[in-house]
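Notes for the one structure printed next.
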Amino acid sequence: MIIENDEDFALSGAIKKMEDKNMGYRFANVDNRAVLVVGDDYYDIHKISNGALASDPMLALEMSGELKQLSDRLSSNLEEITVTGNINDVTLCPPVARPRNAFAVGLNYRNHAKEAGMAIPPAPMVFTKFPSCITGPTGVVEMRSDYVDFEGELVAVIGKTAKNVTADNALEYVAGLCIGQDISDRAAQFTSQPPQFNLGKSFDTFGPIGPYLVSLDSIADDNKLMLTTLVNGEIRQKDSAKDLIFDIPFLVSYLSQILTLQCGDIIFTGTPGGVGGPEGLFLKDGDVIETSIEGLGSMKNRCVRISDHSRALEVPEFIQTFIDNRKI
Ligand code: ZN
């Protein structure tokens with residue numbers, strides 16, 4: 001498939017070069033059991049592999065070769081294999097339930113760096129979302145101040161150990177992609193200078209991911225990975241991964257030169273423009289965030305304002321400026 005005027009879109013370009021193209025798979029987590037999803041049906045991986053693959057999603061992910069074979073067998077024998085259930089009847093858990101590391105990249109879209117009033121970094125600005133914040137695609141977002149914000153993001157999932165890999169080979173180490181919300185408490189994030197990105201973005205429930213892990217080979221060459229975030233049905237973010245400053249191959253290569261990436265590590269690749277903070281608009285109790293990415297599905301997360309954290313009432317000057325600008 002031809003991609004017009006897209007030489008700069010390294011993700012598609014690199015997928016296009018991969019010769020071993022087939023159907024790929026959608027991998028999900030139902031009640032902490034690994035499943036493959038076809039249409040709206042899901043198939044328990046442990047059952048349909050006659051016990052050959054682990055039921056634990058983290059362990060199943062490590063058997064990428066077998067997973068691929070199982071998925072190929074499933075798609076060519078669909079009629080003969082008993083469906084385990086329908087995804088609409090269950091609550092999906094995060095496809096990567098217990099990532100060892102959850103990296104995130106700040107200011108990785110030009111329009112977001114601009115709206116935040118920050119310079120484009122010369123190298124990826126990487127921080128941690130502590131893995132304990134990871135929840136599923138329908139998880140509730142528990143807010144502890146009035147300054148909580150959304151950040152819809154494309155998330156890359158590492159499929160095998162990567163150390164010192166080049167950008168040219170980096171996608172061989174990526175199992176697939178999913179959607180993520182890098183929920184951020186701006187009051188905690190900007191409590192001090194330098195800011196507290198790690199803590200401000202790692203409150204319990206601040207890392208919804210899902211709904212599936214979609215393997216790279218199932219993403220069409222011409223998919224622009226258009227990301228959309230709606231809050232209460234209103235479009236707030238709409239941008240393509242084409243606009244990433246540091247793309248996935250670059251990020252995987254860059255991180256792997258510093259530390260060894262392992263299967264199940266995840267990378268939130270950054271958010272495009274349109275987040276609430278710069279407009280002085282924050283999430284409120286009862287708000288519903290719906291995040292979609294072309295070809296990856298969508299997630300719906302409801303916000304609940306539960307209590308105040310210790311800095312909840314100390315509004316950082318940086319945030320106050322945005323709020324004041326809004327009132328003008
Ligand atoms: Zn982010």
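General observations
- Output for the stretch 65-91, where each listed residue is touching a Leu at 6+ places or on another chain (Cβ under 7 Å) and of a type in the set (D, E, K, R): Glu66
- Cross-chain or 6+ apart pairs with Cβ under 7 Å, the stretch 216-243 first and touching a residue at least 60 places away in the same chain (Cβ under 8 Å), then aromatic (Phe, Trp, Tyr): Ser218/Tyr25; Thr229/Phe150; Val231/Phe150; Asp239/Tyr109; Lys242/Phe9; Asp243/Tyr109
- Residue within the stretch 29-45 that is of a type in the set (A, V, I, L, M) and at pLDDT below 95 present: no
- Scanning the stretch 233-267 for residues that are touching a Lys or Arg at 6+ places or on another chain (Cβ under 9 Å) and either among the polar types (S, T, N, Q) or over 15 Å from Ile293 (Cα atoms) (or both) yields Ser240, Ile245, Ser256, Gln257, Leu259, Thr260, Leu261, Gln262, Cys263, Gly264, Asp265, Ile266.
- Qualifying residue in the stretch 207-224 (condition: more than 16 Å from the chain's Cα centre (by Cα) and within 30 Å of Gly280 (Cα to Cα)): no
- Candidates Leu251, Leu244, Leu261, Leu255, filtered to the one that is more than 16 Å from the ligand (Cβ to nearest atom), crowded, with 22+ Cβ neighbours inside 10 Å and within 25 Å of Leu225 (Cα to Cα): Leu261
- The listed residues are Ser218, Ser184, and the only one of them that is modelled with pLDDT under 95 and either away from the ligand (no atom under 16 Å from the Cβ) or surrounded by 23 or more Cβ atoms within 10 Å (Cβ to Cβ) (or both) turns out to be Ser218.
- Output for the stretch 163-194, where each listed residue is part of a loop (DSSP other than H, G, I, E, B) and either in contact (Cβ under 8 Å) with a residue 40 or more places away in the chain or farther than 30 Å from Asp308 by Cα (or both): Lys163, Asn164, Val165, Thr166, Ala167, Asp168, Asn169, Asp182, Ile183, Phe190, Thr191
- Hits in the stretch 131-155 - residues which are outside any helix (DSSP H, G or I) and among the polar types (S, T, N, Q): Thr135, Thr138, Ser145
- Here Gly200, Gly207 are screened, and the one residue that is without any contact (Cβ under 8 Å) to a residue 60 or more places away in the chain, under 16 Å from Arg144 (Cβ atoms) and within 14 Å of the ligand (Cβ to nearest atom) is Gly200.
- Scanning the stretch 304-320 for residues that are β-branched (Val, Ile, Thr) and assigned to a loop (DSSP other than H, G, I, E, B), we see that the one that is farthest from Asp204 (Cα to Cα) is Val315.
The values are calculated or read from the model by the stated rules, or taken from the named source; none is laboratory data. From a predicted model like this one, the values you see are computed outputs, not experimental measurements. Note that each Cβ is placed from the backbone with ideal geometry, even for glycine, and that neighbours are counted across all protein chains shown.
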